[in-house]
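Single-structure report; data block below.
The values are calculated or read from the model by the stated rules, or taken from the named source; none is laboratory data. Nothing here was measured: the structure is a model prediction, and the numbers come from that model. Note that each Cβ is placed from the backbone with ideal geometry, even for glycine, and that neighbours are counted across all protein chains shown.
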Amino acid sequence: YGLEAKVPILKMRTSKSPEIRKISDFIYQNLFFHYTSKQWGMPPEDLDPSVSSRVPVLLSRDDRYFQDTFQFMPTEGYTPIFAKLLADPLIEVRTGVRFKDLDGAEAFDRVIFTGPIDEFFDYAHGALPYRSIRFEHRTTRTTTPVQCATVENFPTPASQHPYTRSTEFASLTGQTGLEYSTQAFEYSEAYQPGVNEPYYPVPREDNQAIYRKYQAEAAKLDSVIFAGRLADYNYYNMDQAVARALSCFEKEIAA
């Protein structure tokens, strides 16, 4: 494949080379299979190949997970950014209100909808499946970080580690002089309306077939812009979500 190549694990497993197939099977079983099964509630073979392609095998001595030229986190986190945006006097913020329950007398020229697209259309073509996450927080009395890395993934069987990953916040913020440290453990679960929140669209062709029906319905509505993980039924990372928002603004609003 060549140095610095990024190769999807499923492609490596079909290599003509017995040696490459052997090592790719080892990587698949020890890094991909159990993690993916826990994350999505089904084995990788039942999902779209794009899932495993999100984390390709990197043939390089560069051991960084993210290799983007420019990488950063907002100095004070994301919260102040949105707090400042929403503080604009022209913006009214309402929480705890379902979009379906808004007063019918209120008229809007354009609506940007970022919720589940199937819910918007009252599940006319059936419900789209999502995965949710349950967070468990553990606080330890310690003067040093508990984890070896800021984020640790657990590509082990659910019987050994039922969670998929853990994050230690003190490492994210660069805190020193610790007395306590808090970790968040993530447990992937099936989405249940009214019980938990939808986080991840489930990437399968049968789900995409349902989504395309909703997409066709959405195309008929000039006054509604659908965008975001749930409205696009697409798995966006943070950088992709920001890019989608900027692109949406340029094409749909600024134009």
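Just to check your reading of the model, which residue among Leu47, Leu90, Leu85, Leu31 is surrounded by fewer than 10 Cβ atoms within 10 Å (Cβ to Cβ) and under 29 Å from Arg134 (Cα atoms)?
Working: Leu47 fails: surrounded by fewer than 10 Cβ atoms within 10 Å (Cβ to Cβ); Leu90 fails: under 29 Å from Arg134 (Cα atoms); Leu31 fails: surrounded by fewer than 10 Cβ atoms within 10 Å (Cβ to Cβ).
After ruling out the rest, the residue left standing is Leu85.
In the stretch 134-154, which residue that is surrounded by fewer than 18 Cβ atoms within 10 Å (Cβ to Cβ) and in contact (Cβ under 8 Å) with a residue 60 or more places away in the chain is farthest from Val195 (Cα to Cα)?
Restricting to residues being surrounded by fewer than 18 Cβ atoms within 10 Å (Cβ to Cβ) and in contact (Cβ under 8 Å) with a residue 60 or more places away in the chain, the top hit is Asn153.
Go over the candidates Ile91, Ile27 one by one and state the one that is in a helix (DSSP H, G or I), over 22 Å from the mean Cα position of the chain (by Cα) and hydrophobic (A, V, I, L, M, F, W, C). I'd like the intermediate steps shown before the answer.
Numbers: Ile91 fails: in a helix (DSSP H, G or I).
Ile27 is the lone residue from the list that is in a helix (DSSP H, G or I), over 22 Å from the mean Cα position of the chain (by Cα) and hydrophobic (A, V, I, L, M, F, W, C).
Can you name the helices (runs of 4 or more DSSP H) wholly within the stretch 164-255 that have at least 2 residues being assigned by TED's automatic domain parsing to the domain that holds Val146 and under 22 Å from Phe66 (Cα atoms)? Full working, then the answer.
Details: elements: 169-173, 205-218, 229-232, 238-248.
Answer list for the stretch 164-255: 169-173.
I'd like to check something: does the stretch 130-145 contain any residue that is in a loop (DSSP other than H, G, I, E, B) and closer than 22 Å to Met238 by Cβ? Full working, then the answer.
Looking only at the stretch 130-145, we keep the residues that are in a loop (DSSP other than H, G, I, E, B), and these are 142-145.
Still in the list and also closer than 22 Å to Met238 by Cβ: none.
There is no residue in the stretch 130-145 that is in a loop (DSSP other than H, G, I, E, B) and closer than 22 Å to Met238 by Cβ.
Please go through the stretch 79-118 and pick out each residue that is basic (Lys, Arg) and closer than 17 Å to Leu221 by Cβ. Even if it seems obvious, please write down each step before you answer.
To start, the set of residues in the stretch 79-118 that are basic (Lys, Arg) comprises 84, 94, 98, 100, 110.
Across the stretch 79-118, the qualifying residues are Lys100, Arg110.
As an exercise: evaluate Ala149 against (1) assigned by TED's automatic domain parsing to the domain that holds Pro162; (2) at positive phi and give the number of the one condition it does not meet.
(2)
Do we find a residue being assigned to a helix (DSSP H, G or I) and in the same structural domain as Ile20 (by TED's automatic domain parsing) anywhere in the stretch 72-84?
No, every residue in the stretch 72-84 fails to be assigned to a helix (DSSP H, G or I) and in the same structural domain as Ile20 (by TED's automatic domain parsing).
Given the conditions (1) touching a helix residue (DSSP H, G or I) at 6+ places or on another chain (Cβ under 9 Å); (2) among the hydrophobic types (A, V, I, L, M, F, W, C); (3) at pLDDT 90 or above, and given that Leu85 satisfies all but one, which numbered condition is not satisfied?
Unmet for Leu85, out of (1) touching a helix residue (DSSP H, G or I) at 6+ places or on another chain (Cβ under 9 Å); (2) among the hydrophobic types (A, V, I, L, M, F, W, C); (3) at pLDDT 90 or above: (1).
Among the numbered conditions (1) surrounded by 10 or more Cβ atoms within 10 Å (Cβ to Cβ); (2) among the hydroxyl-bearing types (Ser, Thr, Tyr); (3) at pLDDT 95 or above; (4) not assigned by TED's automatic domain parsing to the domain that holds Val224, tell me where Tyr123 comes up short.
(4)
Assess whether Ala107 counts as being of a type in the set (Gly, Ala, Ser) and either over 21 Å from Leu47 (Cα atoms) or in contact with a Lys or Arg (Cβ under 7 Å, 6 or more places away or on another chain) (or both). Reasoning before the result, please.
Values: of a type in the set (Gly, Ala, Ser): yes; either over 21 Å from Leu47 (Cα atoms) or in contact with a Lys or Arg (Cβ under 7 Å, 6 or more places away or on another chain) (or both): yes.
Yes: the conditions hold for Ala107.
Of the conditions (1) over 20 Å from Arg131 (Cβ atoms); (2) of a type in the set (S, T, N, Q); (3) loosely packed, with under 14 Cβ neighbours inside 10 Å, Ser24 clears all except one; give me its number.
(3)
Out of Tyr214, Tyr180, Tyr236, report the one residue that is hydroxyl-bearing (Ser, Thr, Tyr) and closer than 19 Å to Phe135 by Cβ. Give the steps one after another, and end with the answer.
On the way: Tyr214 fails: closer than 19 Å to Phe135 by Cβ; Tyr236 fails: closer than 19 Å to Phe135 by Cβ.
Every option except Tyr180 fails the conditions.
If Asp68 satisfies every condition in (1) closer than 21 Å to Tyr236 by Cα; (2) surrounded by 14 or more Cβ atoms within 10 Å (Cβ to Cβ); (3) outside the structural domain of Val224 (by TED's automatic domain parsing) but one, which is the exception?
Unmet condition: (2).
For Gly115, only one of the following conditions fails: (1) small (Gly, Ala, Ser); (2) modelled with pLDDT under 85; (3) assigned by TED's automatic domain parsing to the domain that holds Tyr211. What is its number?
Condition (2) is where Gly115 drops out.
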